[in-house]
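Since the structure comes first, as structure tokens, the remarks are kept for the end.
Read the figures in this text as sums done on the coordinates, not as results from a lab. Because the structure is predicted, anything quoted here is derived from the model rather than measured. All Cβ positions, even for glycine, are placed from backbone atoms using ideal geometry, and neighbour counts span all protein chains on display.
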Amino acid sequence: MRVAPAALLLASLSVLPAQGGADDPLKSPACGRSIAALEAARTGPAGAAAVEGLRRQATQDCLGGSGARTRPSPTTQPPVSVAPPVVDVPQPPPAPVAAPPPPPPVDIERPAVITSCDAAGCWTSDGVRLNRSGPLLLGPGGACVTSGHVVRCP
């Protein structure tokens, strides 16, 4: 069970003997009444202004002060407002300029190769029939030049 500090102070004041009450303002009946009223206002539906007024009265009755505030009260301070943070977002670097596509690969025409021969002529690797005319091979465009297995026809 939690007990408010003012209630503890009030309870301790009630058990003290009445002999030193005139010298100590904490033991005075006015201080006890002010603390009781302050506790009732804190637990009840009283507003912050009423609690502040009762706190000032309890300060005067129990501590003998003038009631003037020397520091701001936590109940009357406005809420602290903080400006939202400002974040500078850096601009992304510009996109690189796309290079032109590379040129298509150069198509190198491979010479035909003689794959098989018979008495009438030869077949080449590209499927063309070369007819034999004596020692020459004749293609569709004329006589072909041979160099080993490689053949070039016009």
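For Cys122, Cys117, what ranking results if the residue with the fewest other Cβ atoms within 10 Å of its Cβ goes first?
Ranking Cys122, Cys117 by Cβ neighbours within 10 Å, fewest first, gives Cys117, Cys122.
Apply the Karplus parameterisation 6.51 cos²θ - 1.76 cosθ + 1.60, with θ equal to phi minus 60°, to every residue of the stretch 133-145 and state each ³J(HN,Hα) to the nearest whole Hz, in sequence, with x for glycine and proline.
Karplus values, whole Hz, x for Gly and Pro: 9, x, x, 9, 10, 10, x, x, x, x, 5, 9, 9.
Can you figure out the FRET efficiency of Arg152 with Ala99, using R₀ = 41 Å and their beta-carbon distance, to the nearest 0.05?
0.60
Order 55-62, 94-101 from most to least packed using the mean count of other Cβ atoms within 10 Å.
Ranked from most to least packed, the peptides come out as 55-62, 94-101.
Against the globular-protein guess of 2.2 N^0.38 Å, express the Cα radius of gyration of the stretch 112-152 as a ratio, rounded to two decimals.
0.97
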